[in-house]
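The values are calculated or read from the model by the stated rules, or taken from the named source; none is laboratory data. Predicted, not measured: the structure shown is a model, and the values here were computed from it. So basically every Cβ, Gly included, is an ideal-geometry build from the backbone, and we count neighbours across all protein chains shown.
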Amino acid sequence: MNNEKHAWWKEAVIYQIYPRSFQDSNGDGIGDLNGVTMRLDYLKKLGIDVIWLSPVYKSPNDDNGYDISDYRDIMTEFGTMEDFDRMLAAAHARGIKIVMDLVVNHTSDEHKWFIESRKSKDNPYRDYYIWKDPRDGHEPTNWGSNFSGSAWKFDETTGQYYLHLFSEKQPDLNWENPKVRDAVYDMMTWWCDKGIDGFRMDVISMISKVQSYPDGELFDGVYGNANPYVCNGPRVHEFLQEMNRRVLSRYDIMTVGEAAGVTVEEAKRYANNEGTELGMVFHFEHTDGSSNSESVIGKWTVNPPRLTYVRGILNKWQTELEGKAWGSLYWDNHDQPRAVSRFGNDSKEWRELSAKMLATVLHMQKGTPYIYQGEEFGMTNMHFESIDDCRDIEEINAYQQYVTDHKLVDAETMLRCFDTIARDNARTPVQWDASANAGFTTGTPWIKVNPNYTEINAEAALADPNSVFYYYQKLISLRHTTPIIVYGTFRPLLPDSEVLYAYEREMDGKVLTVAANWTDREQECTLFDDLEGEELISNYDSHRTGILQPYEARVILH
Ligand code: TEU
Ligand code: CA
């Protein structure tokens, strides 16, 4: 018998919406909250339980809403608080929960706390942020920001630098200051009281910094790596336990921490089964572009990941978390390229089969699965013809630093890196149908629509019973009806194969065998030959003894 503690969020499938790119309702070219409300019936049909909404708060949009200027108001482009309340009620009426993105490692530099903070050294808000004196007339440390350049910005008014691990319009909050923590907990309570169902916590692993602020090892020849001093820092667990006592434990909500730099050992603490911190965390080990394939510079690469590497990482997390902490499962999100282009094969011939194969491998694992908008009908990466096609501050800054300023990479190579892993691949508008602008907007979209929308779109998927959409629908419904998929233990199979991903789940004397062919050629596989049981799902109608066909995936319960 399996003694895993049950919880609704362990049994749920989450769907991530990046509202800016989801559905525009008023023709200004920008997705909005009323657009989300319009599409709730579509999501109900897909069968998901929870929507994770990327940030919708007031923001000057330096980083598309991850730079918040007012936590208790809605971004003008997305609508009003009334629109939000209507969307929340309409989602709840359909049995769909709403999880908010909580961005509290940093605010916008246009937040009133920072506007005050930068005024003078004795302003009451000064210590809400991290201010340091110059060191020998330069930056306090050599740290690089995640969006290129230094992580420190000099402020003329007071002659000090402030820390920004992301853009200079995203100053880091000083979590050492109890007033900051109180203000954050108050704000979270306010949203919980409104009736939201949880939080996805942006870079929550970075809120506690090593207080001695040492230099980092050079990572691109120019700047030092801050991660060892800011990821999983000395007080991060103490802060999260305090947040849990003061807010989270008082509501029946789900929480998922985006834990940049998290190891499996650290994750056991963040997402411990005693529930003293968070429900689960996202790790980056299988999506970190620099460690799964050779890079051009920093995170930028043109190479695909290797199956053996990705499988090794995922299997390690499955087995290590067993009985100790709950996991999260994802192939892509708004910071990653499209799953089918990166891990599968987005050619016309193999696109659908490989998208279904990837979905099978992920959704049959233990943990809570996340689907990123458009993934459920096989949206693919974009092709960036020039830097003018790019909207993401990370791409624009990297291009400026590596191509224009330091000439470390040529323009063509950089653009091919963007085609491979740029965040904008995920941010092109959702392709709803084959009409102009893919049915996303009647105006001019804020970012180009992928030209393949005439072929790949939700309407076409809904009209085809064999589509990727209905395959996802089936995977979701299987999770809801088959407890072994949620709570069964995990055991890797064929760990030495170069071409297959196989594993078993086990519970109450039953076994679920899952195997997938990751290649476009048939491969030998005898796992199913003597298995008598029920086939829960497969992306092929007929099977061959001793063989898995190209990108074939099968799941047998026995
Ligand atoms: O991302 C943080 C993060 O560590 C990455 O996924 C980041 O985008 C990547 O390292 C860049 O190479 C979160 C949000 O998901 C992202 O959209 C924000 O830009 C970032 O925090 C800052 O808020
Ligand atoms: Ca709009």
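Which of the helices (runs of 4 or more DSSP H) found entirely inside the stretch 379-457 contain at least 3 residues meeting this: farther than 17 Å from Tyr18 by Cβ and within 16 Å of ligand 1 (Cβ to nearest atom)? Talk me through it step by step, then tell me what you get.
Details: elements: 393-398, 411-421, 424-427.
Helices (runs of 4 or more DSSP H) meeting the threshold: 393-398, 411-421.
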(request) Count, please, the residues in the stretch 428-482 that happen to be β-branched (Val, Ile, Thr), within 24 Å of Ser347 (Cβ to Cβ) and over 24 Å from the mean Cα position of the chain (by Cα). (result) 1
(request) With a cut-off of at least 1 residues that are among the hydrophobic types (A, V, I, L, M, F, W, C) and more than 23 Å from Thr420 (Cβ to Cβ), name the helices (runs of 4 or more DSSP H) lying wholly within the stretch 252-342. (result) 264-270, 307-321
(message) Going residue by residue through the stretch 11-23, is there one that turns out to be basic (Lys, Arg), surrounded by 22 or more Cβ atoms within 10 Å (Cβ to Cβ), within 16 Å of ligand 2 (Cβ to nearest atom) and over 30 Å from Phe490 (Cα atoms)?
(response) yes
(message) Among the residues of the stretch 20-43, are any within 16 Å of ligand 1 (Cβ to nearest atom), on the phi > 0 side of the Ramachandran plot, assigned to a loop (DSSP other than H, G, I, E, B) and at pLDDT 95 or above?
(response) no
(request) Just give me the residues in the stretch 157-167 being over 22 Å from the mean Cα position of the chain (by Cα) and within 15 Å of ligand 1 (Cβ to nearest atom), in sequence order. (result) Leu163
(request) Could you please give the count of residues in the stretch 49-80 that are under 27 Å from Ile476 (Cβ atoms), away from ligand 1 (no atom under 15 Å from the Cβ) and not hydrophobic (A, V, I, L, M, F, W, C)? (result) 1
(request) Residue by residue through the stretch 46-80, note down the ones that are more than 18 Å from the chain's Cα centre (by Cα) and assigned to a loop (DSSP other than H, G, I, E, B). (result) Gly47, Ser59, Pro60, Asn61, Asp62, Ile68, Ser69, Met75, Gly79, Thr80
(message) Considering only residues that are over 25 Å from Ser477 (Cβ atoms) and in a helix (DSSP H, G or I), which ones fall in the stretch 343-362?
(response) none
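For the stretch 507-518, give me the residue count where each residue is surrounded by fewer than 17 Cβ atoms within 10 Å (Cβ to Cβ) and not β-branched (Val, Ile, Thr). Outline the logic, then answer.
Kept after step one, since they are surrounded by fewer than 17 Cβ atoms within 10 Å (Cβ to Cβ), are these residues of the stretch 507-518: 508-511.
Cutting the leftovers down to not β-branched (Val, Ile, Thr) gives us 508-510.
Of the residues in that region, 3 qualify.
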(message) Can you list residue pairs whose Cβ atoms sit under 6 Å apart, with the first residue in the stretch 23-36 being in contact (Cβ under 8 Å) with a residue 40 or more places away in the chain and within 15 Å of Ala436 (Cβ to Cβ) and the second being among the small types (Gly, Ala, Ser) and not in a helix (DSSP H, G or I)? Count only pairs 6 or more apart in sequence or on different chains.
(response) Gln23/Gly31; Asp24/Gly31; Gly27/Gly443; Gly29/Gly443
(request) For Tyr251, state whether it is at negative phi and within 16 Å of ligand 1 (Cβ to nearest atom). (result) no
(request) Only residues in the stretch 519-533 that are surrounded by fewer than 17 Cβ atoms within 10 Å (Cβ to Cβ) count as the first member; pair them with residues that are of a type in the set (Lys, Arg), Cβ under 7 angstrom, at least 6 apart or cross-chain, and list the lot. (result) none
